[in-house]
Every structure is written in structure tokens, then in C-alpha cells.
Amino acid sequence: NGNDNGNGSGSGIYYDFKRIMEDLELASAIGGSNPKNYQIWYHRRSLLELSFEKLEQQEQQQLESKSESESESEPKFDGKQLARNELKYIAGVLQEDSKNYHAWSHRQWILKTINDDELWSNEMKYTTQLIDEDVRNNSAWNQRWLTTHRGKNKPLSIYDARSEADYAIEITTLDPYNESPLRYLVALLREQQNQNNNHSSSEEQQAEQGGGETIFLSFLNHVEEKIGGLHESLIGVYESSSLMAAYIDLMEMKHDLDSFEKASVMANDLGVKFDIVRKKYWLMREAKLKSKVLELRG
């Protein structure tokens, strides 16, 4: 390509890398502080893909170099630092517009592409910071889900799920009418429920999961105690429909007679008192819950 000086050395990579960085700076200047143009983000991604490629080439050349001194004298670049710089740029964009879809998508691509423990750890701190600034920042809650799962579909361990559930409950106590942490909490519970339902009865897996159903029910009871206490504190004051909806989901997961009965009463309350905009939906949920009660009563 004319940039390797005919000998395949790292100097060509250095030259290409500088040009890529200059192009990224130009894209930033064109986009301004809050770029919403898809083409700009696509261009940045293309440049970064090329940069990561060049960095891989450099690492390979250093491994294949016969002269250690020559390898050490060549310019070296830190791929993680490049990613950190881009994440910092995106954070600036999100400060201007926390719902910039292209910025979030680009950020997620970088994290999943580099897939580095340090970057994931820093991202957890970043989502905590955003939520501290605005507990209703749903984009930050979505990003936290992706970050805790490291961009994969593998369920969290029951211990990590419990830690995240406690965090969501802590934020809920600050604003019980905020749907975001409650939906996050319910998603954690459902993920663990699915994990529990798919759990094998083999002795090996029972030991690995710490007893499967027992530990999951313990988790549910722990969450019920916290959410139930918060719900009771609002009775007669100004009930939270979001909190009640999450409580109903939790009761359904417990799958026992008492829980179904309690959930059906709450569904009726939502339909006729606290969330009448969705009256048909809640009365339908009530009917299904009552059918579960009849089924268990035999």
C-alpha cells in the first residue's frame, strides 16, 4: 500500500495509525458535540476497525521480529488506550444527549470488540455515575445490563444477581415511582428463574448451583421482603403502580397459593384504582392469577 517502506516494518503501521487518528479528530470536528448522523458514527467505527487491525499487525510483527532491539525501537500503541479515548469521546457526547442511540450503539460495539476486564469494570463505574446523576436514565440501566453480562447472553451467577438486585432496590428506595430500576430488578429475577427451571437434577450440577431451587427461592424471599416493605410504606400515601407491577411479577415467580392470591388483589387494585389507563390489561392479569389460585386449590 506504499506505507510499509517496502520492508513490512512497523514504520508503515505508525504512519497509517497517525492518519487514522487525524481522521477521527476530523470526524469529531465535523460532528460537533452531539453528532446524530449515522454516517459519522459508521465512519468512526470503520476507522477504529482499521486501527485495531493495525495494532494486531504490529503485535504480530513484534513477535516475528528477529531483532529484539529493533522491535523495541519501533513505535508501540496501546489498543486499550485507543478504546479508552473513544469511550471518553462518547461520554462527552452522551453528556449532551443521554439518549443518543448511535453513541450508545458505538460504545457497546467497542466494549464487546475489545472485551477487556478493565474496560468492563470501568463501564460499571460509568453506569453507576450516570444513574447517580439521574436515577431515571433508562439508557444507563440498559447499559448496566449489557455490562454486567459482558455483552453476552450468559446468565449472571446467583450471587452477582443478588448484588445487582440489592443495587436496584437501593435506587428504588430513592424514587419508588421510577420504573427503570424495577424493570431491571424483574429482568434479573426472570433470568435466574429461567436458569433455575433449566437446572438439571444431577448431583454435580446441584453442588455447582448450591442447591438450585432452594437458593433461588431464598433470593426471591430476600427481594420480596425489601419490595414488600417499601410497598407497605406507600399504602395510604400515594401507591406506586411501577412498584406494584414489579411486586406482582415477583409473586408470580414464587408460584404458590398465597402469592397468587396476593398478586390477584394487587392486579385488581391497579386496574380499578392506580393504573386505570391499562385497566383491561390488569383485569386480564387478575383473571389469569385467579385461575392459578383455583388450579392450586384443586
Practice prompt. Give segment 273-298 a look and list any residue that's out of contact with any Gly (no Cβ under 7 Å at 6 or more places or on another chain), assigned to a helix (DSSP H, G or I), under 22 Å from ILE227 (Cα atoms) and open to solvent by less than 90 Å² (accessible area, probe 1.4 Å), or say none.
Written response: PHE274, ARG285, LEU289
Worksheet item: What about SER163, is it free of Cβ contacts under 8 Å to residues at least 40 places away in the same chain and either out of contact with any Pro (no Cβ under 8 Å at 6 or more places or on another chain) or open to solvent by 10 Å² or more (accessible area, probe 1.4 Å) (or both)?
Response: yes
Discussion item. Condition check: open to solvent by 80 Å² or more (accessible area, probe 1.4 Å), at pLDDT 90 or above and under 17 Å from THR172 (Cβ atoms). Does LYS226 satisfy that?
Written reply: yes
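Restricting attention to segment 113-136, report how many residues are of a type in the set (D, E, K, R) and surrounded by 14 or more Cβ atoms within 10 Å (Cβ to Cβ). So that I can check it myself, show each step before the final result.
Looking only at segment 113-136, we keep the residues that are of a type in the set (D, E, K, R), and these are 116-118, 123, 125, 132-134, 136.
So of that shortlist, the ones also surrounded by 14 or more Cβ atoms within 10 Å (Cβ to Cβ) come out as 116, 123, 136.
Qualifying residue count for the region: 3.
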Response to the item:
Log entry, pairs with first residue in segment 285-298 being over 15 Å from LEU257 (Cβ atoms), second being part of a helix (DSSP H, G or I) and of a type outside the set (Gly, Ala, Ser), beta carbons closer than 8 Å, six or more apart or on different chains, reads ARG285/ILE248; GLU286/ASN268
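Going by what's in this entry, would MET244 be described as buried (at least 18 other Cβ atoms within 10 Å of the Cβ), part of a helix (DSSP H, G or I) and touching a Ser or Thr at 6+ places or on another chain (Cβ under 9 Å)?
Details: buried (at least 18 other Cβ atoms within 10 Å of the Cβ): yes; part of a helix (DSSP H, G or I): yes; touching a Ser or Thr at 6+ places or on another chain (Cβ under 9 Å): no.
Answer is no for this residue.
Quickly run through segment 270-298 and pick out the residues that are of a type outside the set (A, V, I, L, M, F, W, C) and under 32 Å from the mean Cα position of the chain (by Cα). Walk me through it before giving the result.
Looking only at segment 270-298, we keep the residues that are of a type outside the set (A, V, I, L, M, F, W, C), and these are 271, 273, 275, 278-281, 285-286, 288, 290-292, 295, 297-298.
GLY271, ASP275, ARG278, LYS279, LYS280, TYR281, ARG285, GLU286, LYS288 - these are the residues of segment 270-298 that are of a type outside the set (A, V, I, L, M, F, W, C) and under 32 Å from the mean Cα position of the chain (by Cα).
Filter segment 72-92 down to the residues that are loosely packed, with under 12 Cβ neighbours inside 10 Å and among the charged types (D, E, K, R), then identify the one that is modelled with the highest pLDDT.
If we take residues in segment 72-92 being loosely packed, with under 12 Cβ neighbours inside 10 Å and among the charged types (D, E, K, R), then LYS88 is modelled with the highest pLDDT.
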Practice prompt. For LYS66, state whether it is among the basic types (Lys, Arg), modelled with pLDDT under 95 and within 25 Å of GLU25 (Cα to Cα).
Written response: no
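The values are calculated or read from the model by the stated rules, or taken from the named source; none is laboratory data. Just so you know, these numbers come straight off a predicted model, no measurement behind them. Here Cβ is always computed from backbone atoms with ideal geometry, including for glycine, and neighbour counts include all displayed protein chains. Ligands, DNA and RNA are stripped out before the accessible areas are found, and what is left, the full protein with its side chains, is counted by its heavy atoms. Shrake-Rupley method; radii C 1.70, N 1.55, O 1.52, S 1.80 Å.
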